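Read through the structure below, which is laid out as structure tokens, and then see the notes.
Please treat every number below as a calculation from the coordinates, not as lab data. This is a predicted model, so every value here is computed, not measured. Glycine also receives a Cβ, built like all others from the backbone with ideal geometry; neighbour counts cover every protein chain displayed.
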Amino acid sequence: MAFSATFSFHGSLADFFPKNNQEPIPYVFKGTPSIKDAIETMGVPHVEVDVILVNNSPVNFTYLLSPNDQVQIYPKNHLPPNRTFVHLIKKFPDFPQFILDVHLGKLARLLRMLGFDALYEKNYTDTQIAEIAFAEVRIVLTRDILLLKRKSIEWGYWLRSKHPKEQLLEVLHYFELQQAFRPFYRCMACNGCIQRVEKKEIVHLLLPETNRFFEEFYQCSQCHNIYWKGSHYEKMESFIKQCTSNS
């Protein structure tokens, strides 16, 4: 016998539906499915669900659906006022570390520029991303909703925009990272840490023009890329200021 319940997705969770639908959605089911399974079947990954109210009472993901349930689902940044909640998204780490899927190389470089630990490899599989995220306590960033539905992933975010700079602002806002910038601490190429290096130690690697006009240098401890404060540095500084003001 089939039963039905009604689901309402609030705030940014409406992004997972055509035309950002925030109208109640009927859900037909048999047996007693968990509310987590129902939510993900409807297209919303568990990692973006912070609060669930069933018939106006808070529940967690293990709740089993009953006929005619009225379900209200909220993201972390859009909660109903004057209520006591069971928060389903655990507190983010004080120093968040990220892992990005294969389509987000440009975003990884931007996060690294701001000093965030952002793992990225072109050949990562979804399984590898999930395993690394679990083992290293990393937040998954992706445009792949199915990836975020993997049970082992505790923290994650589905990027709405396809444009790297807009994606960066999404991440900064969602994870509240405005006070956590450490510009130029990470290598944009490999995610390693950058350290000051004496010019005499790397002078044999410099182009003649660079050797002539610059004295202050930095080097990645992992891939050994060399950095200096040329015109590219001023452009990046300007971009970082924009991120600070827009996030």
Helices (runs of 4 or more DSSP H) fully within segment 115-178 counting 2 or more residues that are touching a helix residue (DSSP H, G or I) at 6+ places or on another chain (Cβ under 9 Å), closer than 23 Å to Cys220 by Cβ and not aromatic (Phe, Trp, Tyr): 164-174
Per-region count, segment 184-198, residues in a loop (DSSP other than H, G, I, E, B) and charged (D, E, K, R): 1
Count of residues meeting criterion [under 12 Å from the mean Cα position of the chain (by Cα) and within 16 Å of Cys190 (Cβ to Cβ)] in segment 93-116: 9
Checking Leu104 against (1) among the hydrophobic types (A, V, I, L, M, F, W, C); (2) under 26 Å from Lys36 (Cα atoms); (3) crowded, with 16+ Cβ neighbours inside 10 Å, the condition it does not meet: (2)
